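The values are calculated or read from the model by the stated rules, or taken from the named source; none is laboratory data. Quick caveat: nothing in here was measured; it's all calculated off a predicted structure. Note that we place each Cβ from the backbone using ideal geometry, even for glycine, and neighbour counts take in every protein chain shown.
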Amino acid sequence: MGDRVFFCYAREDQGFAVPLAQKLKEQGVGVWLDQWDIPAEADWDRTIDKALRDCDRLLIVLSPNSVKSGEVRGELRTLDLGKPILPVLYRPCEIPRQLRVIQFVDFSGREADHDAALARLLSACRGEAEDVKLIETTPARKLTQLGSRATRFKLLAAAVLILLVAIGWYALNTRAEERQRINSAALSPNGSYLAAATDKVWAWENVRIWDVNSGRQLDRLTTNAGPFWVVAWSPQGDSLAVGDHEGKIRTYEAGTWKLSHELDGPRSLTKFIAWSPDNKALATGDDTGTLWVWDAASGKRLFRSSPHSKNIDAAAWSPDGQRLATASWVTPLP
């Protein structure tokens with residue numbers, strides 16, 4: 001069996017990536033694939049990190065989905081580990097900057113078992129292909145070829161500074177990870193997905209989605225607006241609504257986790273989101289006593305009213321969806 005190859009791909013592309021991994025495995029290539037090699041009870045992030053350290057090279061399936069994936073971008077950090085990278089173009093996309101200097105194997109418009117492309121990929125995985133060049137970042141071995149002693153000293157100093165910054169960032173991030181608070185959690189109506197909102201300081205990790213059966217983290221939903229405060233599934237389970245610190249509500253498609261709508265309304269943090277029983281509308285309230293209702297399909301605002309003098313903290317729809325009850329609080333008199 002040849003070198004161990006780590007498969008990096010977006011979940012939406014698994015219909016191509018998994019058969020391709022199977023083809024390589026049948027030809028004697030050592031393949032590491034998350035769906036095959038991560039037990040249900042394993043820590044997902046740690047297992048991925050170990051596999052990246054232990055692999056001999058990284059194969060990345062390029063597509064519009066993968067270049068937007070936060071997980072894929074994280075796995076690309078293996079460039080800093082001095083690992084050879086082998087890009088496989090599945091669908092035309094804007095190739096990440098650090099990969100543009102590498103010749104890719106082109107599968108665009110082809111199946112995973114396309115003979116010519118597969119043969120070329122096999123040769124590259126085995127280090128036999130002369131026309132497929134892998135990039136390998138080995139800055140330490142190349143310092144002696146970079147010119148004068150002064151230049152080498154500057155490069156070394158820059159490398160040390162980058163290392164110190166990376167260590168500091170990792171320490172802060174780990175500390176924040178340990179201290180983050182879960183503000184809201186919700187299980188999808190069919191029991192397949194679990195969503196949780198946190199007030200972690202790192203804005204790109206505000207909401208996480210897990211597959212309940214496998215325990216695998218499926219995605220992270222991100223914004224620059226600050227922490228998310230509430231998550232709520234639609235009654236049919238086909239949409240997830242998320243409310244943030246600035247009062248904006250976003251809805252995402254279940255399964256693809258693509259953003260559907262951004263609902264502008266309150267200017268204070270979202271305390272609750274109430275879906276109508278027919279899946280067609282969602283409502284929230286703000287600290288001025290204003291009620292907001294939107295159409296779930298179009299994102300258009302349907303209703304805005306001020307039934308209370310201050311904070312609306314809860315709302316509930318009638319079973320037929322024809323009525324909406326709201327509740328507020330007032331500070332009692334001394």
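Does region 125-148 contain any residue that is at pLDDT 80 or above, assigned by TED's automatic domain parsing to the domain that holds L24 and surrounded by 13 or more Cβ atoms within 10 Å (Cβ to Cβ)? First the steps, then the outcome.
Filtering region 125-148 down to residues at pLDDT 80 or above leaves 125.
Retained after the next criterion (residues that are assigned by TED's automatic domain parsing to the domain that holds L24): 125.
Of the ones still in play, those that are also surrounded by 13 or more Cβ atoms within 10 Å (Cβ to Cβ) are 125.
Yes, region 125-148 has at least one match.
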### Task
For region 316-333, indicate whether the set of residues that are surrounded by 19 or more Cβ atoms within 10 Å (Cβ to Cβ), part of a loop (DSSP other than H, G, I, E, B), modelled with pLDDT of 85 or more and not hydrophobic (A, V, I, L, M, F, W, C) is non-empty.
no
#### Entry: Total residues in region 281-315, condition acidic (D, E) and at pLDDT 90 or above
1
### Message
assigned to a loop (DSSP other than H, G, I, E, B), buried (at least 20 other Cβ atoms within 10 Å of the Cβ) and not charged (D, E, K, R): which single residue out of T270, T284, T288 fits that description?
### Response
T270
### Task
Count, please, the residues in region 55-66 that happen to be within 20 Å of T256 (Cα to Cα) and either out of contact with any Asp or Glu (no Cβ under 6 Å at 6 or more places or on another chain) or among the basic types (K, R) (or both).
4
### Message
Conditions first: (1) at pLDDT 80 or above; (2) under 24 Å from L52 (Cβ atoms). S184 passes all but one, so which condition is the exception?
### Response
(2)
#### Entry: Inter-residue pairs, beta-carbon under 7 Å, first under 15 Å from D211 (Cβ atoms) and in region 30-58, second of a type in the set (A, V, I, L, M, F, W, C) and assigned to a helix (DSSP H, G or I), 6+ apart
Q35/V18; I38/W44
### Task
Hey, can you tell me all the residues within region 202-213 that are more than 14 Å from A185 (Cα to Cα) and modelled with pLDDT of 85 or more?
N213
### Message
Given the options R110, R91, name the one that is touching a helix residue (DSSP H, G or I) at 6+ places or on another chain (Cβ under 8 Å), at pLDDT 85 or above and in a loop (DSSP other than H, G, I, E, B).
### Response
R91
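Please determine whether any residue of region 66-78 is part of a helix (DSSP H, G or I), of a type outside the set (V, I, T) and at pLDDT 85 or above.
yes
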### Task
Just give me the residues in region 244-259 being touching a Ser or Thr at 6+ places or on another chain (Cβ under 7 Å) and either over 14 Å from T222 (Cα atoms) or modelled with pLDDT under 90 (or both), in sequence order.
D244, G247, E253, A254
### Task
Mind listing just one residue for me: the one in region 1-23 that is among the small types (G, A, S) and in contact with a strand residue (DSSP E or B) (Cβ under 7 Å, 6 or more places away or on another chain) and, of those, surrounded by the fewest Cβ atoms within 10 Å (Cβ to Cβ)?
G2
### Message
Being at pLDDT 90 or above, over 18 Å from I85 (Cβ atoms) and in the same structural domain as D13 (by TED's automatic domain parsing): is that true of W36 here?
### Response
yes
### Task
Tell me which residues, restricted to region 228-254, are under 18 Å from the mean Cα position of the chain (by Cα) and in a loop (DSSP other than H, G, I, E, B).
A254
